[in-house]
Amino acid sequence: MKDNIKADAAVAEEPRFFEVSMLLDFYGQLLTARQYEILDLYYNNDYSLAEIAEELGISRQGVHDSIRKGRAALEAYEARLGLVERFREQEESMRKALACLNRVEREVPQAAENKSFQEAVKVLGKVMDSL
C-alpha cells in the first residue's frame with residue numbers, strides 16, 4: 001500500500017518536475033552556482049537527495065533546503081519577469097497559426113500552390129521545431 005502511495009505521489013509530481021525544469025532553463029543562471037548544480041542534478045538528472053548529498057559532500061537536509069530555496073527563487077523570478085508564461089503563450093500562438101495555415105491548405109487547395117503561403121508554412125514550422 002505504501003508503495004502505491006509513493007508511486008501516486010511520484011506521478012503527481014511529474015508536472016511539477018517539468019515546470020521547475022523549465023524555470024531552471026530560463027532562470028538557472030541567476031541562481032548561485034551551487035543552487036544551480038543541486039537543482040540541475042535533482043530536476044534534470046533525476047538524482048535522489050541522498051545521491052546529491054553524497055556527490056557534493058553535504059547532508060540530505062542541506063540538499064533539501066537548497067532545493068526548496070532554489071525553487072522559491074526560480075518561482076520569484078517567474079512571478080516578476082514572466083518569461084516562461086510569455087514563452088508558452090507565444091508557442092501556443094504559433095501552434096494555432098500553423099493549424100490555421102494547414103486548415104487553409106486543406107480547404108483551399110490552390111493556396112498550397114502559392115509560394116508565399118508555402119514559405120509561411122515552412123518558416124512557421126521551423127520556428128516551432130526550434131522551440
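Each reported figure results from applying straightforward, stated rules to the coordinates on display, with no laboratory input. Worth saying up front: this structure is predicted, and the values here are computed from it rather than measured. Reconstructed Cβ throughout: ideal geometry from the backbone, glycine too, with neighbour counts over all protein chains shown.
Below 8 Å, C-alpha to C-alpha, sequence gap of six or more: please give me the relative contact order for the chain in percent.
Normalised by residue count, the contact order of the chain is 20 percent.
Between 0 and 90 degrees, rounded to the nearest ten: what's the tilt of helix 2-27 against the longest Cα principal axis of the chain?
On a 0 to 90 degree scale, this one is about 70.
Pairs on different chains or at least eight residues apart, Cα atoms closer than 27 Å: how many lysine pairs in the chain fit?
Close lysine pairs found across the chain: 5.
Using label points projected 7 Å from each Cα along Cα→Cβ, tell me how many nm separate GLU19 and GLU54, to one decimal.
Those two pseudo-labels are separated by 3.1 nm.
Determine by what factor the alpha-carbon radius of gyration of the stretch 85-130 differs from 2.2 N^0.38 Å, reporting the quotient.
1.21
Just one of (1) 11, 28, 24, 17, 13, 6, 1; (2) 12, 41, 30, 14, 3, 0; (3) 11, 39, 38, 10, 1, 0 is P(r) over Cα pairs in 10 Å bins from 0, in percent as worked out from the coordinates here. Which one is it?
Only one option fits the structure, namely (1).
In a GNM of the chain with a 10 Å cut-off on Cα contacts, which of LEU31, LEU49, LEU98 has the highest mean-square fluctuation?
LEU98
Label-point separation (nm) for ARG80 and ALA120, each offset 7 Å from Cα along Cα-to-Cβ?
Computed distance between label sites ARG80 and ALA120 equals 4.0 nm.
Compute a Gaussian network model of the chain, connecting alpha carbons closer than 10 Å, and tell me which residue from ALA73, ALA112, ALA53 fluctuates the most.
Highest fluctuation of the listed residues: ALA112.
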